[in-house]
Amino acid sequence: MRTFDLSTYTVCLASQTDFEGWRDAARSLALNDAAPQEIAWVVDAACQAASQLPPVPSGSQFKVSRDFVERAETAFCHNDPERFALLYRMLWRMRAEPELPRIASDPDVRRFEAMEKAVGRDMHKMRAFVRFRQIGEGEDECYVAWFEPDHFIVERNAPFFVRRFTGMRWSILTPYLCAHWDKAELTFTPGVDRTSAPADDATEALWRTYYENIFNPARLKTKAMQKEMPKKYWRNLPEAPLIPDLVAGADAAAREMIAKMPTPPAPHHARVQAKHWPTSHVPAGSDDGANADSIATLRKAAESCRRCPLWRDATQTVFGEGPEEASVVFVGEQPGDQEDIAGRPFVGPAGKVFDAVLAEADIDRGKTYVTNAVKHFKFEPRGQRRIHSKPNAGEIQACRWWLDKELKLIRPGLVVALGATAAQSLLGKTVPITRLRGQTIEREDGLRVFLTIHPSFILRIRDSAEKQAERNRFLRDMQAVKALTAP
Ligand code: SF4
């Protein structure tokens, strides 16, 4: 709800998260040609009674994309009081610049994206670090958690906890808002201070046992761990007291683990390899592809590549495919489980997303060349499954031999780096994909490299709204690729 002083347009929002109020007011003000500097946005629930919008001029219309509205709704949860004005300014500018949200170099867009990301991170942290404590028994049983978000994310995140803990009565208490679920209805009450949250319960011991068991010393990267799990969350985590001791003993535990657990290749790969390569040395008469004059001969040469150890455990070399005269080349990271078996790139779940988005962007995959920075599947056996493992810098560098040759033979007008590994291989250094996505970088040899995410990133997002938003962003990137390669 909002009130208007028509000389300066003061808009009163009912709460920090009154996105509907902001949206109605913003639409009305934009249609009344109110400049951003004429509007003061305040959060004041008390002024609800006197709401009044300037009338919308008849016949006037102003549409923005659903994607922008969804993104604005996320950014709206940021704690910056300037967000209301920033979002209105973007809306106002989009009347003349409808493509504004895609201009990554624009200061308003940069600030908008930073807010969106900060809110996304905060939501992720809340999902990862909320720990419920049991209070009451039998019919009174209820679970209560304390969390201190950086942004106004409780309402936006609460449906996630409803889905995950549908059969429990729970409350999540925070300093600005509390969410409550009684197995039927989600309600909100004003924030409380930390003393309202229970400190300990019987589930604490269970958490600690669980954490001790899942802690993998061989994977310990203290800096990365503290980045993912900043110390401000530790005081609410039952497992936190274990962390210093587990970290201190990690080296010795890792050595012991390695000694006990050799990781042989999965049996069916040994069988397939034995069929193709009866011995482990470089096959007689193998060719390094240096003189290959076509993709077909280059592909043949790569079948016996031993430039790095990845060939040992994988089923086969998964080389690029597509016409040699393709004007655009897509480069992914490495083949996955299904690609390794099929011997073709991008045919697994990420490939299906890729195909669908390409089709929506009106790009014919059959006219493009699709390959990977690394041509053998790198994985860790876990039971019957093979879990994707990121190639390291040495493996990327070794396999660049083949990628360079593919690009020299094809000479595309544009190469699309799908994800960080592809970008690292194509540009020879690590680049922050999330910050630079959508941009084209020209290499010293004149090759233009367009940066975007790997489609598997979309598959890893659990929240359906976030997944859809990320897919939309990827579609926009592919539409930009289409525009860049238009004759
Ligand atoms: Fe050769 Fe690349 Fe396979 Fe390593 S990953 S063995 S460099 S083809």
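Looking at the stretch 363-377, is at least one residue hydrophobic (A, V, I, L, M, F, W, C), open to solvent by 10 Å² or more (accessible area, probe 1.4 Å) and either within 13 Å of the ligand (Cβ to nearest atom) or touching a residue at least 40 places away in the same chain (Cβ under 8 Å) (or both)? Within the stretch 363-377 (the criterion being hydrophobic (A, V, I, L, M, F, W, C), open to solvent by 10 Å² or more (accessible area, probe 1.4 Å) and either within 13 Å of the ligand (Cβ to nearest atom) or touching a residue at least 40 places away in the same chain (Cβ under 8 Å) (or both)), the answer is yes, since at least one residue qualifies.
Candidates in the stretch 441-458 are the residues that are over 20 Å from the mean Cα position of the chain (by Cα) and closer than 14 Å to VAL331 by Cβ; of these, the one that is most open to solvent (accessible area, probe 1.4 Å) is ARG448. So which residues in the stretch 408-428 are closer than 19 Å to LEU298 by Cβ and either touching a helix residue (DSSP H, G or I) at 6+ places or on another chain (Cβ under 8 Å) or within 15 Å of the ligand (Cβ to nearest atom) (or both), if there are any at all? Once the filter is applied, which keeps residues that are closer than 19 Å to LEU298 by Cβ and either touching a helix residue (DSSP H, G or I) at 6+ places or on another chain (Cβ under 8 Å) or within 15 Å of the ligand (Cβ to nearest atom) (or both), the stretch 408-428 yields LEU409, ILE410, VAL415, ALA422, SER425, LEU426.
Evaluate the following for SER28: is it at pLDDT below 90 and either of a type in the set (Val, Ile, Thr) or surrounded by 15 or more Cβ atoms within 10 Å (Cβ to Cβ) (or both)?
Criteria met by SER28.
Taking the criterion of being part of a helix (DSSP H, G or I) and surrounded by 20 or more Cβ atoms within 10 Å (Cβ to Cβ), the only residue of the stretch 159-171 that qualifies is PHE161.
For ARG66, the criteria (1) open to solvent by less than 70 Å² (accessible area, probe 1.4 Å); (2) under 26 Å from the mean Cα position of the chain (by Cα) hold in every case but one, which is (1). Please indicate, with yes or no, whether at least one residue in the stretch 386-400 is in the same structural domain as ARG471 (by TED's automatic domain parsing) and more than 16 Å from the ligand (Cβ to nearest atom). There is at least one residue in the stretch 386-400 that is in the same structural domain as ARG471 (by TED's automatic domain parsing) and more than 16 Å from the ligand (Cβ to nearest atom). When you scan the stretch 172-194, do you find a residue that is assigned to a helix (DSSP H, G or I) and either open to solvent by less than 40 Å² (accessible area, probe 1.4 Å) or modelled with pLDDT of 60 or more (or both), even just one? For the stretch 172-194, residues assigned to a helix (DSSP H, G or I) and either open to solvent by less than 40 Å² (accessible area, probe 1.4 Å) or modelled with pLDDT of 60 or more (or both): present. Restricting attention to the stretch 308-321, does a residue exist that is in contact with a strand residue (DSSP E or B) (Cβ under 7 Å, 6 or more places away or on another chain) and surrounded by fewer than 21 Cβ atoms within 10 Å (Cβ to Cβ)? The answer is yes; a qualifying residue exists. Of the listed requirements (1) part of a loop (DSSP other than H, G, I, E, B); (2) under 23 Å from ALA179 (Cα atoms), VAL119 misses just one: (1).
Please tell me if ALA356 is surrounded by fewer than 18 Cβ atoms within 10 Å (Cβ to Cβ), at pLDDT 95 or above and out of contact with any strand residue (DSSP E or B) (no Cβ under 8 Å at 6 or more places or on another chain). Here the answer is yes, as ALA356 does meet what is asked. There is no residue in the stretch 274-292 that is crowded, with 17+ Cβ neighbours inside 10 Å, over 23 Å from LEU447 (Cα atoms), assigned by TED's automatic domain parsing to the domain that holds ARG473 and modelled with pLDDT of 90 or more.
The values are calculated or read from the model by the stated rules, or taken from the named source; none is laboratory data. Values in this document were obtained by computation on a predicted structure and should not be read as measured data. No Cβ is skipped: glycine too gets one built from the backbone with ideal geometry, and neighbour counts run over all protein chains shown. Ligands, DNA and RNA are excluded from the accessible area calculation, which covers all protein heavy atoms including side chains. Shrake-Rupley method; radii C 1.70, N 1.55, O 1.52, S 1.80 Å.
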